[in-house]
Amino acid sequence: MRHSLAPTGREKWWGAALVRPLVLAALVLASVGSAKLHAQEVDCDKGDKRVRALKFVGNAAFSADELSSRVLTTPSSFWRRYFHWFFGVGAERCLPDVGLEPDVASLTQFYKNDGYYDTKVETAVAPVATDVVDVTFKISEGQPLALDSLQILGLDSIARRDQIVHRLQLKVGGRFGAGAMYADEDSIVARLRNVGYPHATVFSSYSVNKTGHRATVELTVVPGAIAKFGTIAVTTVSRDNGAGEIDSAVVLHLLGFKTGDQYSVRAISDAQRNLYNLGVYRHVGIDLDTIARHGDSIADVAVDLREDYMRQLDVDEGWATLDCFRVNAQYTNKNFLDNAQRLELTGRVSKLGFGRPTDVQGIRNFCRHELDADSIGSSKLNYYAGATLRRPTLFGSHWVPSYSAYTERRGQYLSFLRTTYLGLEASATRDIGVNMPLRGAYTFEFGQTTAEPAVLCFVFSRCTAASLGDAQRKSRLAVLSTSLRRVRTDNPIDPTRGYIFGGELRGGAPFIYSDPQLTFGKATVDGSWYHRLISRAVFAARARGGFVQSSNAADALLPPQERLYAGGATSVRGFGQNELGPIVYLLDNTQFRIDTLTDSTFKYVANPGARASRTSPVGGSVSVVLNAELRIHDPFFPELLEYVPFIDGGQVWTRQVAGKGLNREALAVTPGIGLRLFSPIGPIQMNAGYNPNRNRRGPAFFPTPVDPISSRAPLICVTAPGESPVIVKKNSLTGQLEQDIAACPASFVPARSSGFFSRFTLTLSIGTDF
């Protein structure tokens, strides 16, 4: 039997041109009609049978979720099915008044459109109670049609023929379906319009041998005349319906194509996206001008623009666990110097009420629980003040440049405090694909980084006063970086399918005007994947890793802010912030004893069961973080609550300057449960991560009180019981304590409560973890 979408001969062209739109229109109307029936006919009246469950049996080619969207029959909501006695809340759905025959016809046609001509659908309605039933669709799919031959005519004169027909859905020997054939038509038309053929059309016909389960397809392409862009007319309307602020000449320069260029739909879509990305337009319309046509070889373009507010002031304030109170303000001029340039002036302060000089006793007590442990990064007010100028294009290319100048102070919890007296950055970004930005940047900073002396001593062998001062002096840090990110998800806030992948390369060296000590190379990658398992549950996974290496010079110092850290609400949730990986412990004088060996020599030995008063994460050279979680929407409040059982794993390894290479620690695994609340400010997630791992071994130090003569507070190594002590000597001339603390062993393990609940780490975050 032969089925054709158009008559043969000359009438074929008109037939295909008319029949397919009518068929598509009918399908659209049928869908609308089905939606209305779905809304009306499954409502319950007196005497109707409520649907408790909807099942599909025998389906292999399509999932139950795909098939359920094709039928009217819908089960009652979870609440109605199991808690109907509770105030009658929940959606109640009954058997359709028109019966199950329309659903059978819909499923049969759905299979037929995908090449299954022998599909049989039967129904079974099983009573559960007097007025409650379960509905089952039993499907016998049968054998699909195989494509015997595929002819594509009309492309012999096209220079890029192979590109036009590359990777179509229909393949000889593969499955035939009308839906795939229509998709291939659309692909061919779109590709032709991207290479200069604005009036390209495809006509199709096919024949089917139902007995032999075979099909043949013929696609006839009419590319039309190749065209160039003609007149480009720009119409701009301001927010108050007056003349636009941005001149038409500026818009023409930003389009990326000009009169005389070869026509391309992609060029139009790129121009539309670039204009939207400026953030100055509420509406961007770019279409062919079908009124003023000079012939098929000329494509006139009409650009219709509606401007948004050109100046904007945003102020927000809040509180965060590791920031105490914070305030952020930003002024934006979106048409700076009347050239579509974007000027942003930004000011930000955090640690308000806790960090000096804004510390207030009452507020300090409010924030003390988390921040008291951070004597480095939280002791001072953190701030940022900067200006950024973003130009719409770089020399007329697709690159978007920006230039920034700033000053800031920022801390990494428990690790370091970075003060930048002057920072400059030049960067450029372009989309090399849909939702795929590529960014390159050069950053120069003049500033200093303050870190815990015990960390600098243990990792970098900077143990003397002179070497500690050298490591924390003001210096130049210059960094070249490039990053790429690819986003393919269905929802930016709560994705249910797709993936995100990104990576960054960074490096500092003297040839880009960085301090010779601050020479390093760094690479990081981060990937996330999302997959819906059932209607209310999504599986999400992430893998993140990094590697950083300083130069091999004896005085090399890997900037603490470039080291790798893990642990916390957005990392391995069974650990506190940055506390996964090597740790340096600081003890107070109640946690150790001093044994006198001679009149001038002593040893400091930790007490059995000693605990650390502070911990300082070392950071590392190599890191791996792995996350897997199940995001389950609450059956009663699915738009408000999610339950998130998870399991995280990760590790941070470090290489010491004077050490024997990379430490070898196994991956730490922490399971847990989270509760996510969707709020106007974003998802708020509370996690409880169970940490079955023992406390990590590390060096322990006692920071002695400040010497009033030398103004120094020398570190003293405290060894664990049973370890060979590092002897402390008293200088007979100065009376100061001296010790080779670089030899301090990483063998101290602080005591830990044996209680079950003490092994849980509670974290709070705003925004999805990944």
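The values are calculated or read from the model by the stated rules, or taken from the named source; none is laboratory data. Values in this document were obtained by computation on a predicted structure and should not be read as measured data. Cβ coordinates were reconstructed from backbone atoms using ideal geometry, including for glycine residues, and neighbour counts include every protein chain displayed. Only protein heavy atoms, including side chains, enter the accessible area calculation; ligands, DNA and RNA are left aside. Shrake-Rupley method; radii C 1.70, N 1.55, O 1.52, S 1.80 Å.
In the chain, the ratio of gyration radius to Kirkwood radius, Rg to Rh, stands at 1.05 when only Cα atoms are counted.
When K112, K522, K474 are compared by accessible area at a 1.4 angstrom probe, the order from most to least is K474, K112, K522. Give me the net charge for the shell around R439: Cβ to Cβ below 13 angstrom, other residues only, Lys and Arg +1, Asp and Glu -1. Around R439, the charge tally is +2.
The calculated FRET efficiency for T704 paired with I432, based on their beta-carbon distance and R0 = 45 Å, is about 0.20. With r defined as the distance between the Cβ atoms of D316 and S732 and R0 fixed at 56 Å, what FRET efficiency is calculated, to the nearest 0.05? For R0 = 56 Å, the calculated efficiency reads 0.40. Take the solvent-accessible surface of the protein heavy atoms, probe 1.4 Å, and return the percent of it on the chain that carbon and sulfur atoms account for. Of all accessible area on the chain, carbon and sulfur atoms account for 57 percent.
Fully extending the segment from Y421 to K112, taken as 0.36 nm per residue of separation minus the present Cα-Cα distance, adds 104.3 nm. Segment D296..I493, full-extension length gain: 66.5 nm, with 0.36 nm per residue of separation and the alpha-carbon distance subtracted. Given a 1.4 Å probe and the protein chains as shown, W653 ends up with an accessible area of around 40 Å².
Spin-label model, R593 to A465: label points 7 Å out along the Cα-to-beta-carbon direction sit 3.2 nm apart.
With a threshold of 24 Å on the Cα-Cα distance, the over-threshold entries among K55/K120; K112/K138; K120/K210; K380/K603 are K380/K603.
Of all DSSP bridge pairs formed entirely within the chain, close to 90 percent run antiparallel. Here the spin labels are modelled as points 7 Å beyond Cα on the Cα-Cβ line, and at F637 and A61 they lie 4.4 nm apart.
A straight Cα-to-Cα reach below 20 Å connects K171 with the aspartates and glutamates D114, D148, D156, D162, D184, E185, D186, E218, residues fewer than 8 places away in its own chain not being considered.
If the label point is 7 Å along Cα→Cβ of T482, which residues in the range 408-437 have backbone nitrogen under 18 Å from it? Answer for this model: 426-433, 436-437. Summed over the residues of the chain and divided among them, the accessible surface reaches 50 Å² per residue at a probe radius of 1.4 Å.
Along its principal axes, the range 129-281 has C-alpha extents of 65, 62, 19 angstrom, given from the largest down. FRET efficiency for the pair A129 and L677, taken as 1/(1 + (r/R0)^6) with r the Cβ-Cβ distance and R0 = 30 Å, rounds to 0.25. Residue ranking by accessible heavy-atom surface, 1.4 Å probe, largest first, among M310, M436 comes out as M436, M310. Would you mind checking the tilt of helix 11-41 against the longest principal axis of the Cα atoms of the chain, expressed as 0 to 90 degrees and rounded to 10? Here the helix axis deviates by roughly 60 degrees. The long axis of helix 265-277 is offset from the longest Cα principal axis of the chain by roughly 40 degrees.
Residues of the range 221-245 with an amide N closer than 11 Å to a point placed 7 Å from the Cα of R266 along the Cα-to-Cβ direction: none. Cα centroids of the range 233-304 and the range 405-427: 41 Å apart.
Between the helical axis of 178-194 and the dominant principal axis of the chain, each derived from Cα atoms, what acute angle in degrees is found, rounded to the nearest 10? Once rounded, the angle reads 70 degrees. For Y309, put the label point 7 Å out on the Cα→Cβ axis and report which residues of the range 221-248 keep their amide N under 15 Å from it. Once the point is set 7 Å along Cα→Cβ of Y309, 239-240 turn out to lie under 15 Å by backbone N, inside the range 221-248.
Applying 0.36 nm per residue to the separation of S207 and H283 and subtracting their alpha-carbon distance, the gain on full extension is 22.8 nm.
Summing +1 for each Lys or Arg and -1 for each Asp or Glu among the other residues whose beta-carbon sits under 14 angstrom from that of D304 gives -2.
Simple spin-label estimate for L394 and A628 gives 4.1 nm between the two label positions (7 Å along the Cα-to-Cβ direction from each Cα). With a 1.4 Å probe and all protein chains kept in place, how much accessible area does D308 have, in Å² rounded to the nearest 10? Rounded to the nearest 10, the figure is 40 Å². Each peptide in 411-419, 203-211, 450-458 gets a packing score, the mean of other Cβ atoms within 10 Å over its residues, and the list from highest to lowest is 450-458, 411-419, 203-211. Within the shell defined by Cβ-Cβ distances under 13 Å, the residues around S753 carry a net charge of +4, with Lys and Arg each +1 and Asp and Glu each -1.
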